[in-house]
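The values are calculated or read from the model by the stated rules, or taken from the named source; none is laboratory data. These numbers come from a predicted model, not from an experiment. Counting neighbours? That spans all protein chains shown, and the Cβs are built from the backbone with ideal geometry, glycine included. The accessibility values were calculated without ligands, DNA or RNA, using every heavy atom of the protein model including side chains. Shrake-Rupley method; radii C 1.70, N 1.55, O 1.52, S 1.80 Å.
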Amino acid sequence: MSEILQAEALTAEQISDITRQTNYGTWRYQKGWKPLTITDAEGCWFTDGVGKRYLDFSSQLMCVNLGHKNPRVIESIAEQARELAYAAPGFATRARARLSEKLHEVLPEGLTKFFFTTSGTEANEAAFKIARMFTGKSKVISRYRSYHGSTAGSIAATGDPRRWAMEPAGKTGGVIFAPETNCYNCPIRHTYPGCKIACADYIEHMIRNESDVAAIIVEPVVGTNGVLVPPPEYFPRLREICDRHGVLLIADEVMAGWGRTGRWFSIDHWNVKPDILVTAKGITSAYVPLGLCATTQQIADFFEDHYFSHGHTYEAHPLTLGPAVATIEEMQRLNLIERAASLEPYLRENLEAVKAKHPSVGDVRGLGLFFAVEIVKNRATKQPFNTMRDKVEGKPIVVDQIAAKMMSKGVFIQAWVSHLVIAPPLIVTKEELDLGLAALDEQLAIADALVE
Ligand SMILES: Cc1ncc(COP(=O)(O)O)c(C=O)c1O
């Protein structure tokens, strides 16, 4: 520890208390928030203020894809700070040029022009503005099971209950919601494949019956709202519908991108090209805050002689761009995309075994190193223990109890309403997966005891 830090040494308890008293805890009732002090993290592990280690089974917020303390990325932050810490967005920088070239290696083909932000939320705001300016239309179609960010435009496009507190005045207008693609628990009570993916056709019905639709935004693999993987025909069909009606397809890859699903981007599973791709999180493994809105050349060309009415002081901030180059290089050097894909069968098989053993597990689903374990009160009816409304009303949530107990046993896992999210760093070993799965297996007894 440096001399300055030593002179100011605070106990873990003091750090937590000051944080709790002076900061807002996000997306929660403030009562009962007692943030754990984290002092260190390395690989798939982090350490609390009293030296206890935890397996990071959800890569913090599904973002530390490279694992903690990657030396090359850490060095790139220092290098970039020494070379050039800031330049206004109107200037060209080496970091900006290098990252832009690097992105062309990994993004789906055809996405050639970039706008950089400092979060996924802002990247989606950029996408909506660009789509509206380019098409001259205003409406955006989103889906109920989705999260696209927290500010006025992106919360308006968010289908989950985090939107409710902003209704009606705190969000931008013009977003309409389509049913999600959830083959485990279809909101329109269809069954795949007999449904012939009616959920995609319904989007066409919406477009025909609305005027003025600029874009549809989708998480190709829905993240927080359940790791929902669509059937193979869904994205090719959606692409056709968009093309037929001149509607832009926006792929929100903030969570599912960067190798998480065993491809660079989750839309790559279906070989479909979006008009706009939005991402953040894993682009720097979350070491520095960077978001990206990437568009096709056709959209880019439009702005040659139309005013591009968008910007931020921190757009293309060099300190965020240099480390993104290092992150992508590290992902390539360590073959992490292939690694996530190759570990998928092992993880799936083990989760299927967990499901077979526990009556409270309704479904396990996912791709790569991105899986959800859905907990139900009744397997036959698929009735969950908790609803979205329970979440916003601060009621006790069964999956939160499971996650808290796993945490006490040294495994950190994210939980949301009725499922747990398994998304370890892509460097995870089979032994570490076994450790996390064993903790899950043990604590599922909490839900099993409540099954009807
Ligand atoms: C799919 C998706 N889009 C957008 C966002 C917002 O990104 P950020 O939290 O960086 O603003 C998130 C965050 O979790 C996300 O999962």
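Observations on the structure shown:
- Within the stretch 141-167, residues that are farther than 16 Å from Glu219 by Cα have Cβ atoms under 6 Å from residues that are more than 13 Å from the ligand (Cβ to nearest atom) and part of a helix (DSSP H, G or I) in these pairs: Pro161/Met388; Pro161/Val392, counting only partners at least 6 apart in sequence or on another chain.
- Filter pass, Tyr287 being in contact (Cβ under 8 Å) with a residue 60 or more places away in the chain, touching a helix residue (DSSP H, G or I) at 6+ places or on another chain (Cβ under 9 Å), open to solvent by 30 Å² or more (accessible area, probe 1.4 Å) and within 16 Å of the ligand (Cβ to nearest atom): yes
- Of all residues in the stretch 13-35, those that are within 25 Å of Arg162 (Cβ to Cβ) have Cβ atoms under 8 Å from Cβ atoms of residues that are in a helix (DSSP H, G or I), 6 or more apart or on another chain, in Trp27/Arg162; Trp33/Arg20; Lys34/Ser16; Lys34/Arg20; Pro35/Ser16; Pro35/Thr19; Pro35/Arg20.
- Members of the stretch 336-350 that are open to solvent by 50 Å² or more (accessible area, probe 1.4 Å) and of a type in the set (D, E, K, R): Glu338, Arg339, Arg348, Glu349
- Qualifying positions in the stretch 213-252 - in contact with a helix residue (DSSP H, G or I) (Cβ under 6 Å, 6 or more places away or on another chain) and within 27 Å of Gln414 (Cβ to Cβ): Pro220, Val221, Tyr234, Phe235, Ile250, Ala251
- Residues in the stretch 159-192 that are of a type in the set (D, E, K, R) and either over 22 Å from the mean Cα position of the chain (by Cα) or under 17 Å from Pro384 (Cα atoms) (or both): Asp160, Glu167, Arg189.
- Being within 16 Å of the ligand (Cβ to nearest atom) and either over 26 Å from Arg260 (Cβ atoms) or surrounded by fewer than 22 Cβ atoms within 10 Å (Cβ to Cβ) (or both) holds for only one residue in Ala152, Ala165, Ala215, Ala169, and it is Ala152.
- Residue within the stretch 237-247 that is within 16 Å of the ligand (Cβ to nearest atom) and either modelled with pLDDT of 95 or more or more than 21 Å from Ala280 (Cβ to Cβ) (or both) present: no
- Of all residues making up the stretch 140-149, the number that are aliphatic (A, V, I, L, M) and within 15 Å of the ligand (Cβ to nearest atom): 1
- Boolean, Gln60 is within 16 Å of the ligand (Cβ to nearest atom) and either farther than 28 Å from Gln414 by Cα or not aliphatic (A, V, I, L, M) (or both): yes
- Conditions (1) more than 12 Å from the ligand (Cβ to nearest atom); (2) without any contact (Cβ under 8 Å) to a residue 60 or more places away in the chain; (3) in a helix (DSSP H, G or I): number failed by Ile299: (2)
- Residue match in the stretch 236-257 (condition: open to solvent by 10 Å² or more (accessible area, probe 1.4 Å), of a type in the set (A, V, I, L, M), within 21 Å of the chain's Cα centre (by Cα) and under 27 Å from Asp363 (Cβ atoms)): yes
- Qualifying helices (runs of 4 or more DSSP H) (wholly inside the stretch 351-452; at least 2 residues being open to solvent by 10 Å² or more (accessible area, probe 1.4 Å) and farther than 24 Å from Met255 by Cα): 398-408, 430-443, 445-448
- Residue tally, condition closer than 30 Å to Ala341 by Cβ and out of contact with any Gly (no Cβ under 8 Å at 6 or more places or on another chain), over the stretch 371-383: 2
- The residues of the stretch 96-139 that are within 15 Å of the ligand (Cβ to nearest atom) and either closer than 13 Å to Asp275 by Cβ or not in a strand (DSSP E or B) (or both), listed by number, are Thr118, Ser119, Gly120, Thr121, Glu122, Ala123, Asn124, Glu125, Ala126, Ala127, Phe128.
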